[in-house]
Amino acid sequence: MSEFKGTISRTLVDSEPHYMEPPHPGEDAPNVVIVLLDDTGFAQLGCYGSDIDTTNVDALAAGGVQFTNFHVTPLCSPTRAALLTGRSQHAVGLRGVSNWRTGFPHQLGHISNSASTIAEVLHAEGYATFCAGKWHLAPTQDTSAAGPFDQWPLGRGFDRFYGFLEGETDQFYPELVRDNSHIAPPSIPQDGYHLSEDLVDQLLQMITDSKGVRPDRPFFAYLPFGATHAPHQAPQAYLDKYRGRYDEGWDVVRQRWYQRQLELGVIPPDTELAPRNPGVEAWDDLPETQRRLACRLQEAFAAFLDHTDDQIGRLVEGLRAMGELDNTILVVLADNGASQEGGPFGVLHEMKFFNGILESPDEAIQRIDDIGGPNSHTNYPWGWAQCGNSPFRWYKQSTHEGGVHVPMVMHWPAGFGTGQVGTKRSQFVNVSDITPTIYEILGVIPPEVHKGIEQMPVTGHSFKVPLGDAEAPATNTLQYFENSGSRALVAEREGVWWKAVTKHNPGDDFDAEPWELYDLSTDPSECINLADLERRKLAELVDLWWQEAERHGVLPLDDRTIELFAAHPSDHSPHRLNRRYIYRPPMSPIPAGAAAGLGGRAVDLAARITSEPGDEGVLWATGTVNSGFSVFLQNGRLVVDYNSFGDHTIVESTIKVPAGDSSLGVHLERDSRSSGWIEVFVDGEACGRAQITSYMRIISSVGASIGEDHGSAVSHRYSAPFAFTGTLHEIVIQLPQPRAQKAGFVPRAEEAATARTEMSRQ
């Protein structure tokens, strides 16, 4: 009642009402839309040099402002944290992906509650707020239907959410969440379903639902696509469009894209094309099979990006049809450079790479026609990734330019003068600068206290002035970078843009590894290392890096990766100390980070059921058609299908499952580094056993389902979901007791699947 400003007497006639109006940003306040691409390199959009058909983003650049010196972090979650908060990724708690936490403030697994997001700030100003796409900003152990939900999108300022919470998902069979609930996809690929199309459909409906009833209320919409992160998957028509496009190979194509970058003016005229990265061979030296495979993998990437661009076009046309496009600040950017996670040859199934299985081109070529479709989980080889990062060196995860220098376009017809349309900006800009710029444009001051929590200052630099003036100086002249020990600092000194950078290898001495020094003003592709010639300048920048690291909470330096992918075991987490999991249907699908991890270890699985003759269906399944593990009843028998990247080990009980109550069991165990065995039991009696020649340490980034097989069918012996028609009382999974690990962390290979796709190293 403290805000009530009327008067209350004994009767209405002597009282005066007061209506408390909710906040409103003003009748002319613009909408804000941020479109985020995943693992998209600097050269891969058409307006940045490639021959990939991205006409819709190209049109936004032609009708807006194109940035040619835009930088991000080298990794997914940190970039998203900096983008949405306008602060350092380390300061807000995400030095790495959200799959793990370390016990230090710079790796919480989520955005600190002391750093309000742009959605929270604009929501408090009266904006409607929507998110459709990839989140990857909540601890993965908290992404199941059990929550907690405080770090899901609705807990961080969004009114509505539709998308996926992990770092990647299958584009044809995604693990979907609507608001705070897990849901099944609305359709299947056989009926034309693809996630990117679904995301735009849902986002447009959110916007029209809001505008149809409240046309006065502006909106903030965040559209982080799963594209172009692996798996590279696209509709067949798009795959067909690029057949044969890249047969000349990455050397010729990279040179062509580089020449086009010079012609377009997205790189300075004296920029050199960096030499091939270590591990990238000359195209002409490759065997024919390796070239065929590499071409098809690049075709799948190009098709995926082309298809995504068309969905951006659908969003733009939807906004235009509503009459909202002109007064919408629309930003399109990438979260990091092109991915190195396909290895030297590329992979038909990325999980093979993370199981230490280096699939040879001769093996992969046997399934070449699966590439880009539902029966593949592909990523391209290093050569095409460096081509996508042209003219730079290295890739995603690196603090060299190939990892952090990416495209960014802004479009706002009502806000840009005619003299600015179609112009470029070469000023240095960082991803943490976007939100402060939007705040300044909107006249919004971020709160010092949010939900009773004191907020850390917004440290990004608004580039509103350079946005309107191509000749204005950059507002951000000092920017640090760090990822798993790799470090860099960009600093402007007396008109020269210097960059100090070091590439760290896990386990190496941080103090002993060499730093490189580049003059980005004359050498933006980092080809001429000046470290020996400018030792005093390098020492100055290295010392300044440590000062910035202290200021932004980067310390302690920490190069741990795989050993941190596990959730910290606790009786107050999904992973109890006794490693005993009990699931009772009905249950929503369980994401990989929150489910029992069956990869690389001994497993005992028991199911209590009641059935009648003829009952059948899946009791437990995890993974996809590409790799997984399924336990089901069929033809009256207990069946296990262990699908190791298409190599199916099937065990069928030699005795039938009796009618009525029964207890069914499965035991898996590894007996060597790469092999193992399965045994099945019916009411305690062993009745079937088989050897597994390829025992997976990481099964899939797709999690588990109880009583059915959600998504694509793990086994070719049924069609999903193949729900169990009897009564499933419970599934009990017992894993071995964890061995003590450094700092109390226990690696769980199954939980690591999504994180490893983000953090694997060359």
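The values are calculated or read from the model by the stated rules, or taken from the named source; none is laboratory data. The structure presented is a predicted model; accordingly, all values stated were derived computationally and were not measured. Cβ: placed from backbone, ideal geometry, glycine included. Neighbour counts: every protein chain shown.
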- Has segment 140-148 got at least one residue that is in contact with a Phe, Trp or Tyr (Cβ under 8 Å, 6 or more places away or on another chain) and among the small types (Gly, Ala, Ser)? no
- All but one of (1) of a type in the set (Gly, Ala, Ser); (2) touching a residue at least 60 places away in the same chain (Cβ under 8 Å); (3) at negative phi hold for Ala470, so report the exception by its number. (2)
- Message: I want to confirm something. Restricting to segment 726-739 and keeping residues that are part of a loop (DSSP other than H, G, I, E, B) and surrounded by 14 or more Cβ atoms within 10 Å (Cβ to Cβ), which single residue is modelled with the highest pLDDT?
- Response: Gly726
- State all residues of segment 502-534 that are touching a Lys or Arg at 6+ places or on another chain (Cβ under 6 Å), among the hydroxyl-bearing types (Ser, Thr, Tyr) and under 19 Å from Pro391 (Cβ atoms); if no residue qualifies, say none. Tyr518
- Message: Looking for something in contact with an Asp or Glu (Cβ under 6 Å, 6 or more places away or on another chain), over 26 Å from Trp497 (Cβ atoms) and of a type outside the set (Asp, Glu) - is there at least one such residue anywhere in segment 464-483?
- Response: no
- Query: Would segment 334-343 turn up any residue that is part of a loop (DSSP other than H, G, I, E, B), aliphatic (A, V, I, L, M) and surrounded by 24 or more Cβ atoms within 10 Å (Cβ to Cβ)?
  - Reply: yes
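Pull up segment 69-116, narrow it to residues that are of a type in the set (Ser, Thr, Tyr) and surrounded by 24 or more Cβ atoms within 10 Å (Cβ to Cβ), then point me to the one that is farthest from Pro391 (Cα to Cα).
Of the residues in segment 69-116, the ones of a type in the set (Ser, Thr, Tyr) are 73, 77, 79, 85, 88, 98, 102, 112, 114, 116.
Still in the running and surrounded by 24 or more Cβ atoms within 10 Å (Cβ to Cβ): 73, 77, 79, 85, 88, 98, 116.
Numbers: Thr73: 18, Ser77: 25, Thr79: 22, Thr85: 30, Ser88: 27, Ser98: 30, Ser116: 36 Å.
Across segment 69-116, the extreme among qualifying residues is Ser116.
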- Scan segment 331-385 for residues that are polar (S, T, N, Q) and farther than 27 Å from Pro275 by Cα and jot them down. Asn355, Gln366, Asn375, Ser376
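State yes or no: is Glu685 within 34 Å of the chain's Cα centre (by Cα) and not assigned by TED's automatic domain parsing to the domain that holds Gln190? Lay out the reasoning, then the answer.
Details: within 34 Å of the chain's Cα centre (by Cα): no; not assigned by TED's automatic domain parsing to the domain that holds Gln190: yes.
Spelling it out, it is not the case that Glu685 is within 34 Å of the chain's Cα centre (by Cα) and not assigned by TED's automatic domain parsing to the domain that holds Gln190.
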- Item | Selection count where residues are out of contact with any strand residue (DSSP E or B) (no Cβ under 9 Å at 6 or more places or on another chain), within 26 Å of Glu317 (Cα to Cα) and either part of a strand (DSSP E or B) or of a type in the set (Ser, Thr, Tyr) (or both), scope segment 33-85 | 3
- Which of the residues spanning segment 172-225 are farther than 25 Å from Val332 by Cα and in a strand (DSSP E or B)? Ser181, His182, Ile183
- Query: in contact with a helix residue (DSSP H, G or I) (Cβ under 6 Å, 6 or more places away or on another chain) and charged (D, E, K, R), is that true of Glu440?
  - Reply: yes
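Only one residue in Thr654, Thr649 is of a type in the set (Ser, Thr, Tyr), farther than 20 Å from Leu728 by Cβ and assigned to a strand (DSSP E or B), so which one is that?
Result of the check over Thr654, Thr649: Thr649.
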- Message: Within segment 370-391, does at least one residue satisfy the condition of being closer than 30 Å to Gly126 by Cα, without any contact (Cβ under 8 Å) to a residue 40 or more places away in the chain and either in contact with a strand residue (DSSP E or B) (Cβ under 9 Å, 6 or more places away or on another chain) or in the same structural domain as Gly86 (by TED's automatic domain parsing) (or both)?
- Response: no
- Message: Just checking, does segment 447-455 include any residue being outside any helix (DSSP H, G or I), farther than 30 Å from Arg95 by Cβ and over 20 Å from the mean Cα position of the chain (by Cα)?
- Response: no
- Message: Residues that are at positive phi and surrounded by 18 or more Cβ atoms within 10 Å (Cβ to Cβ): does segment 346-357 have at least one?
- Response: yes
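Within the group Leu598, Leu530, Leu541, which residue is closer than 19 Å to Glu730 by Cα, surrounded by 14 or more Cβ atoms within 10 Å (Cβ to Cβ) and either basic (Lys, Arg) or touching a residue at least 12 places away in the same chain (Cβ under 8 Å) (or both)? So that I can check it myself, show each step before the final result.
On the way: Leu530 fails: closer than 19 Å to Glu730 by Cα; Leu541 fails: closer than 19 Å to Glu730 by Cα.
One residue alone meets the criteria, Leu598.
When you check Thr475 against the structure, is it within 28 Å of the chain's Cα centre (by Cα), among the β-branched types (Val, Ile, Thr) and surrounded by fewer than 21 Cβ atoms within 10 Å (Cβ to Cβ), yes or no? Full working, then the answer.
On the way: within 28 Å of the chain's Cα centre (by Cα): no; among the β-branched types (Val, Ile, Thr): yes; surrounded by fewer than 21 Cβ atoms within 10 Å (Cβ to Cβ): yes.
When the stated conditions are applied, Thr475 does not pass them.
Does Lys396 satisfy the criteria of being farther than 21 Å from Phe220 by Cα, at pLDDT 95 or above and part of a strand (DSSP E or B)? Give the steps one after another, and end with the answer.
Values: farther than 21 Å from Phe220 by Cα: yes; at pLDDT 95 or above: yes; part of a strand (DSSP E or B): no.
Criteria not met by Lys396.
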- Has segment 146-161 got any residue that is assigned by TED's automatic domain parsing to the domain that holds Cys76, under 24 Å from Thr624 (Cβ atoms), at pLDDT 95 or above and surrounded by 21 or more Cβ atoms within 10 Å (Cβ to Cβ)? yes
